[in-house]
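Everything below concerns the one structure shown next.
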Amino acid sequence: MRYQLELTLRQAEGALARVLGAAERRGFRPLSVDGEAQPDGDRWHLRMTVEGERADTALQSQLAKLYDCLAVEVSPCL
């Protein structure tokens, strides 16, 4: 199943790598990643599409535990 993720991350070295690594370790394959810096210059807004067989709650809870992840929303792709 495919999922769309909306994340807000701190602009910190390695933050994107940690998000991608956590998704892959949980069995989700990143299909697309798009992001932009927020006007305050301290955060990134990241949109990511992933594919995997596991429940989306497993991924959402793991990403929410990352220090640099300020917010995460996961929804199924239609």
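The values are calculated or read from the model by the stated rules, or taken from the named source; none is laboratory data. Everything numeric in this text was worked out from a predicted model, so none of it was measured. Ideal geometry is used to build each Cβ from the backbone, glycine not excepted, and the neighbour counts take in all protein chains shown. We work out accessible area using only protein heavy atoms, side chains counted, and drop any ligands, DNA or RNA first. Shrake-Rupley method; radii C 1.70, N 1.55, O 1.52, S 1.80 Å.
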> Using 7 Å Cα-to-Cβ label points, what is the L70/S32 separation (nm, one decimal)?
Replying inline: 2.5 nm
> So what is the accessible area of the chain per residue, in Å², with the probe set to 1.4 Å?
Replying inline: 60 Å²
> What longest region of the chain stays clear of GluC sites (Glu not before Pro) that DSSP places outside H, G, I, E and B and that have at most 13 other Cβ atoms within 10 Å?
Replying inline: 14-52
> Pick from R54, R26, R18: which is most flexible by mean-square fluctuation in a GNM of the chain where alpha carbon atoms under 10 Å apart are linked?
Replying inline: R54
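For D42, D68, D56, give the ranking by accessible area with the largest first, probe 1.4 Å.
On the way: D42 95, D68 15, D56 40 Å².
The most accessible residue leads, giving D42, D56, D68.
Dipole size in debye (nearest 20) for the chain around its Cα centre, Lys and Arg Cβ +1, Asp and Glu Cβ -1?
Working: 10 positive and 12 negative charges, 63 e Å.
Charge dipole, the chain, about its Cα centre: 300 debye, nearest 20.
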> Round to a whole number: what % of the accessible area of the chain belongs to carbon and sulfur, probe 1.4 Å?
Replying inline: 49 percent
> Got a sec? Charge dipole of the chain, +1 on Cβ for Lys and Arg, -1 for Asp and Glu; which of L16, C77, L59 is way out at the positive end?
Replying inline: L59
>> If you take volume of the Cα convex hull per residue in Å³ from the coordinates, which of [x] 137; [y] 88; [z] 77 do you get?
In response: [z]
> In the chain, which chymotrypsin sites (Phe, Trp or Tyr not before Pro) fall in coil by DSSP and have 16 or fewer other Cβ atoms within 10 Å?
Replying inline: Y67
